[in-house]
Amino acid sequence: MTTPEITDSHCHLDFPDFDGELPEIIARAGLAGVTRMVTICTKLRLEPKVRAIAEAHAPVFYAAGTHPMSAADEPLATVDQLVDLSNHPKFVGIGETGLDYHYTAESKSVQQESLKIHIEAARQTQLPLIIHARAADDDMARILTDEHKAGAFSCVMHCFSSSAELAQAALDLGFYLSMSGIAAFPKSTELRNIFAAAPVDRILVETDAPYLAPPPYRGKRNEPGYTAHTARVGAETFGIDYADFAAQTQKNFDMLFAKAAAYSAAQV
């Protein structure tokens, strides 16, 4: 019996937690059915390192942007800079970007400016926007809604763990919600209920590795292969067979990350 294939839609393989181990980590992911992963660059000056990882490993794609918690400390990205990066065949998303008022509320104005730059790059490239949202639900819903009215773009709410109201605002815009290890934590019943109320064709799965490992690895270093543990909880949340849930999330990923899907198809 073959292992159902899934995609880790968000991880950070350039982080030092994985130094010297990437071939083994990617191999373990494959054994778990995780046949693709998107590694995310959070500071544009690190883009060459992240790009090199994607170039060196067939299952790995990448995205780049300025993380909101770094928005005040890094040079502000430009639309042209992000559009230029998108010419790489394995560059498949814009971000992560977004708003984080939990730790960095003092930089909210520059975070919002940075977010709008990334949104415009997503419009121009037709690549999905990858959103980080924490303790900023009202501003996030307002900006995404207003900007979408000004010109459509696609988007995933990465590692979604916000309110039902923000989830609905995102879904109303045609966006996707991504389940991370947080959704698999025993006490995350309310979050699982938010996911269960969403259309299953708008759900992705991810690790955010090296962070947020799902049970039974909670508290340890996360890695892409552990996406399977979160996906099994996702299947339970939606009340469907694991193989069916895995197949649905693959369809969802291919729909949103169409460039990655086309690249994968071309390699067959």
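Based solely on C-alpha atoms, express the radius of gyration and the Dmax of region 192-261 in angstrom.
12.3, 34
Can you tell me the accessible area per residue over the chain, all protein chains present, probe 1.4 angstrom, in square angstrom?
For the chain, the solvent-accessible area averages 42 Å² per residue.
Which part of region 139-175 falls in the paramagnetic zone of ASN193, meaning amide N under 11 Å from the point 7 Å along Cα-to-beta-carbon?
Taking a point 7 Å out along Cα→Cβ of ASN193, the residues of region 139-175 whose backbone N falls under 11 Å are 164.
Between (1) -0.94, -1.07; (2) -0.87, -0.96; (3) -0.77, -0.91, which matches log10 I(q)/I(0) by the Debye sum over Cα atoms at q = 0.13, 0.14 Å⁻¹ calculated for the structure shown?
Calculated log10 I(q)/I(0) by the Debye sum over Cα atoms at q = 0.13, 0.14 Å⁻¹: the matching label is (3).
So if I place +1 on the C-beta of Lys and Arg and -1 on the C-beta of Asp and Glu, and nothing else carries charge, what would the dipole magnitude of the chain be about its Cα centre? I want it in debye, nearest 20.
Here the chain has a charge dipole of around 340 debye.
Quick one: which residues, 5 or more positions from HIS10 or on another chain, have an amide H under 5 Å from its amide H? H modelled 1.01 Å from N in the peptide plane, none for Pro or chain starts.
VAL38, THR207, ASP208
Go through TYR217, TYR176, VAL156 and say which Cα lies farthest out towards the positive end of the charge dipole of region 127-267; charges sit on Cβ, +1 for Lys and Arg, -1 for Asp and Glu.
Of the options given, the answer is TYR217.
³J(HN,Hα) across region 5-10 via Karplus (A = 6.51, B = -1.76, C = 1.60, θ = phi - 60°), whole Hz, x for Gly/Pro?
These are the phi-based 3J(HN,Hα) values: 8, 9, 10, 7, 7, 6 Hz.
Could you give the length gained on full extension between LYS49 and HIS102, defined as 0.36 nm per residue of separation minus the Cα-Cα distance, in nm?
16.2 nm
If LYS187, LYS251 are ordered by their accessible area, calculated over protein heavy atoms with a 1.4 Å probe, which sequence runs from highest to lowest?
My answer, sorted largest first, is LYS187, LYS251.
Accessible area of region 91-135 with a 1.4 Å probe: how many percent of it is carbon plus sulfur?
Answer for region 91-135 is 45 percent, counting heavy atoms of protein chains only.
The values are calculated or read from the model by the stated rules, or taken from the named source; none is laboratory data. Quick caveat, the model's predicted, so the values are computed rather than measured. Cβ sites come from the backbone with ideal geometry, for glycine too, and all protein chains shown count toward neighbours. The accessibility values were calculated without ligands, DNA or RNA, using every heavy atom of the protein model including side chains. Shrake-Rupley method; radii C 1.70, N 1.55, O 1.52, S 1.80 Å.
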